[in-house]
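Q: Once you've had a glance at the structure underneath, I'll fire off some questions.
The values are calculated or read from the model by the stated rules, or taken from the named source; none is laboratory data. Values in this document were obtained by computation on a predicted structure and should not be read as measured data. Note: ideal-geometry Cβ built from the backbone for every residue, glycine included; neighbour counts use all protein chains shown. Only protein heavy atoms, including side chains, enter the accessible area calculation; ligands, DNA and RNA are left aside. Shrake-Rupley method; radii C 1.70, N 1.55, O 1.52, S 1.80 Å.
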Amino acid sequence: MTLAFHWFLPTNGDSRHVVGGGHGTPATASGRDRPPTVAYLSQIARAAEDLGFTGALTPTGAWCEDAWLTTAMVSQNTERLKFLVAFRPGFVSPTLAAQMASTFQRQSGGRLLLNVVTGGESHEQRAYGDFLGKDDRYRRTDEFLHIVRQLWRGKTVDLDGDHVRVSGARLARVPDPVPEVYFGGSSPIAGRVAAKHVDVYLTWGEPPAAVAEKIARIRRLAAEEGRTLRFGIRLHVITRDTSEQAWAEAGRLLDGFDPETIRTVQEGLARSESEGQRRMLALHGGGSRDGLEIHPNLWAGIGLVRGGAGTALVGSYEEVAERIKEYHALGIDEFVLSGYPHLEEAYWFGEGVLPRLEAEGLWAHPFRAGAGHHAEAASPVLSASSSQKPLIPAR
């Protein structure tokens with residue numbers, strides 16, 4: 001299987017500095033540098049599409065714009081890029097979610113992927129009216145995905161579960177194709193849910209040894225369910241012509257971290273109920289600026305001010321390609337990437353790393369047959385052809 005790469009739509013705002021926030025902490029002021037307008041997000045999406053990214057992840061939570069609405073609008077300014085839409089099962093009924101996904105598939109030409117986020121922060125969940133504890137949220141996700149999967153198969157569903165109840169649920173039109181389900185979670189109960197329901201299990205960017213252990217555990221659980229899964233990893237990237245240039249950029253970002261912001265964010269993240277977030281915090285010692293290269297070319301600096309994915313691949317194009325191959329050898333086939341700013345960093349990676357992987361037969365441009373089609377397509381967002389560099393917003 002060739003590798004698949006996804007980019008990220010910063011619906012919490014973008015900047016030449018790290019935009020912090022997530023996991024119950026608010027987005028930092030740098031997110032106002034480039035507001036997440038449909039025009040700007042579409043520009044990123046079009047760049048990702050031209051470069052050969054398969055899809056684009058959108059986050060979920062109070063710190064960002066709604067993922068469903070935003071991607072529905074951005075999809076109209078793209079042609080082939082898929083959208084990995086993050087959503088929380090407790091906020092809508094499973095029947096409505098299945099219907100929304102079916103509608104999205106028809107209106108976008110089958111370009112929806114679903115990233116199921118159970119929710120690791122009780123205080124944020126309560127703000128949305130959800131008062132279940134963490135383990136019960138995962139049990140609800142189990143029931144939720146069971147219903148959604150049955151509905152997508154055209155079944156009529158009756159379920160009187162512990163957390164979800166439906167009677168005579170059925171879709172008038174099932175999605176074609178059925179969206180693939182992505183899911184992440186490091187706790188034991190999260191692993192059991194993944195094994196039963198999901199297509200792609202996602203992990204945050206931990207060192208390879210930790211990732212290998214997690215993959216082995218989830219594979220065992222899936223085998224017990226008679227299933228096999230694919231595996232993906234969520235990382236930031238900082239890649240340049242030389243290693244020195246890439247690490248200089250990492251240093252510039254680190255220099256922009258205000259000590260008070262680090263302290264505030266770390267205090268908030270320390271209260272997180274997420275096992276994955278706990279593992280992220282352990283990588284940098286709860287806020288230390290020292291020893292942030294935790295594996296060759298794997299930098300934990302992003303996690304000082306940002307919740308969730310907190311590590312970045314940093315290095316030359318060749319070095320980053322080697323780290324990708326290292327993760328691929330463990331069983332990782334999909335890479336969900338991002339970088340600051342997201343428009344420019346997509347080009348650094350897409351023009352520097354992807355061709356090297358392609359030359360080794362590990363990756364192929366998913367839209368190669370349509371290469372150049374954007375040059376003729378009218379767009380309110382990009383006036384340049386697909387071969388030109390990105391249009392940078394006026395500062």
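Q: Being buried (at least 18 other Cβ atoms within 10 Å of the Cβ), under 29 Å from SER272 (Cα atoms), modelled with pLDDT under 95 and among the hydroxyl-bearing types (Ser, Thr, Tyr), is that true of even one residue in the stretch 109-118?
A: yes
Q: Continuing with this model, one more query. Which of (1) among the polar types (S, T, N, Q); (2) in contact (Cβ under 8 Å) with a residue 12 or more places away in the chain; (3) under 23 Å from LEU145 (Cα atoms) is the odd one out, the single condition THR103 does not satisfy?
A: (2)
Q: Taking the residues in the stretch 228-257 that are among the hydrophobic types (A, V, I, L, M, F, W, C) and closer than 30 Å to VAL181 by Cα as candidates, determine which candidate is surrounded by the most Cβ atoms within 10 Å (Cβ to Cβ).
A: We begin by selecting, within the stretch 228-257, every residue among the hydrophobic types (A, V, I, L, M, F, W, C); these are 229, 231, 233, 235, 237-238, 246-248, 250, 253-254, 257.
Pick out the ones that are also closer than 30 Å to VAL181 by Cα and you get 229, 231, 233, 235, 237-238.
Details: LEU229: 21, PHE231: 20, ILE233: 28, LEU235: 25, VAL237: 26, ILE238: 26.
Once the filter is applied, the top-ranked residue is ILE233.
Q: Please specify each residue of the stretch 258-286 satisfying the condition of being open to solvent by 70 Å² or more (accessible area, probe 1.4 Å), charged (D, E, K, R) and assigned to a helix (DSSP H, G or I).
A: The answer is GLU260, ARG263, GLU267, ARG278.
Q: Right, another one. Quickly run through the stretch 214-227 and pick out the residues that are of a type outside the set (Gly, Ala, Ser) and either open to solvent by 20 Å² or more (accessible area, probe 1.4 Å) or out of contact with any Phe, Trp or Tyr (no Cβ under 6 Å at 6 or more places or on another chain) (or both).
A: Narrowing the stretch 214-227 to residues of a type outside the set (Gly, Ala, Ser): 214-215, 217-221, 224-225, 227.
Within the stretch 214-227, LYS214, ARG217, ARG219, ARG220, LEU221, GLU224, GLU225, ARG227 qualify.
Q: Would you mind telling me which numbered condition in (1) small (Gly, Ala, Ser); (2) open to solvent by less than 10 Å² (accessible area, probe 1.4 Å); (3) over 18 Å from the mean Cα position of the chain (by Cα) GLY90 fails?
A: Single failed check for GLY90: (2).
Q: Within the stretch 160-178, identify whether any single residue is farther than 14 Å from PRO94 by Cα and open to solvent by less than 30 Å² (accessible area, probe 1.4 Å), and answer yes or no.
A: yes
Q: For the stretch 150-255, please list each of the strands (runs of 3 or more DSSP E) lying entirely inside it that holds at least 3 residues being of a type in the set (A, V, I, L, M, F, W, C) and under 25 Å from the mean Cα position of the chain (by Cα). Step through it out loud before you land on a result.
A: Values: elements: 157-160, 165-169, 181-184, 200-204, 230-240.
Of the strands (runs of 3 or more DSSP E) lying wholly inside the stretch 150-255, those with at least 3 residues that are of a type in the set (A, V, I, L, M, F, W, C) and under 25 Å from the mean Cα position of the chain (by Cα) span 200-204, 230-240.
Q: Right, next: With respect to the numbered conditions (1) surrounded by fewer than 20 Cβ atoms within 10 Å (Cβ to Cβ); (2) within 28 Å of PHE83 (Cβ to Cβ); (3) modelled with pLDDT of 95 or more, which one is the sole condition not fulfilled by VAL211?
A: Status for VAL211: all satisfied but (1).
Q: Tell me, which residue of the stretch 1-49 that is over 25 Å from VAL305 (Cα atoms) and of a type in the set (Ser, Thr, Tyr) is farthest from the chain's Cα centre (by Cα)?
A: By that ranking, first place goes to THR2.
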